[in-house]
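Enquirer: This is the structure, below, for whatever I ask next.
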Amino acid sequence: MTFHHLVAISWTRSIDDSNISAFAIALDQLSAECTELLHAYAHGRDISSRDVSSDYGISAAFHDPTGYAEYDVHPAHIRAKELLSKLAAKYTVVQFEA
């Protein structure tokens, strides 16, 4: 089974493209530093026009829950989460095994 970690983000109203680009770069660095833990990793802006959509999404798949536990305390993940806390109005997380 694969351990999945999904994040849906809604930005604050004051965010601009440079903030989103900085966040995307932080996520690219995070995935590059954690390749041995990850089965798959993707992130990007929402492209739907649905009213219920979030603004940005992250999908991280791990070989097992232990890999996620290591990722969760990795310095690059902590840096990305700190940046997220400054930029997001709200975010939700769902985790599951499949």
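The values are calculated or read from the model by the stated rules, or taken from the named source; none is laboratory data. If you're wondering where the values come from, they're calculated on a predicted model, not measured in any experiment. With ideal geometry, Cβ positions are generated from the backbone for all residues, glycine too; neighbour counts draw on all protein chains shown. Side chains are part of the model used for accessible areas, which takes the heavy atoms of the whole protein and leaves out ligands, DNA and RNA. Shrake-Rupley method; radii C 1.70, N 1.55, O 1.52, S 1.80 Å.
Enquirer: Are any residues in the range 23-56 assigned to a loop (DSSP other than H, G, I, E, B), free of Cβ contacts under 8 Å to residues at least 24 places away in the same chain and not small (Gly, Ala, Ser), and if so, which ones?
Expert: Of everything in the range 23-56, those that are assigned to a loop (DSSP other than H, G, I, E, B), free of Cβ contacts under 8 Å to residues at least 24 places away in the same chain and not small (Gly, Ala, Ser) turn out to be Thr35, Glu36, Asp46, Ile47, Arg50, Asp51, Val52.
Enquirer: Just a yes or no: is a residue in the range 63-74 under 18 Å from Gln95 (Cα atoms), open to solvent by less than 80 Å² (accessible area, probe 1.4 Å), part of a helix (DSSP H, G or I) and without any contact (Cβ under 8 Å) to a residue 12 or more places away in the chain?
Expert: Checked the range 63-74: at least one residue is under 18 Å from Gln95 (Cα atoms), open to solvent by less than 80 Å² (accessible area, probe 1.4 Å), part of a helix (DSSP H, G or I) and without any contact (Cβ under 8 Å) to a residue 12 or more places away in the chain.
Enquirer: List, please: which pairs have Cβ atoms under 7 Å, are six or more places apart or on different chains, and start with a residue in the range 1-14 that is in contact (Cβ under 8 Å) with a residue 12 or more places away in the chain and over 27 Å from Gly67 (Cβ atoms) and end with one that is open to solvent by 40 Å² or more (accessible area, probe 1.4 Å) and of a type outside the set (Phe, Trp, Tyr)?
Expert: Ser10/Asp55; Ser10/Ala89; Ser10/Lys90; Trp11/Asp55; Trp11/Ala89; Thr12/Ala89
Enquirer: Further question: Would you say Tyr91 is surrounded by 13 or more Cβ atoms within 10 Å (Cβ to Cβ), of a type in the set (Phe, Trp, Tyr), part of a helix (DSSP H, G or I) and touching a residue at least 24 places away in the same chain (Cβ under 8 Å)?
Expert: no
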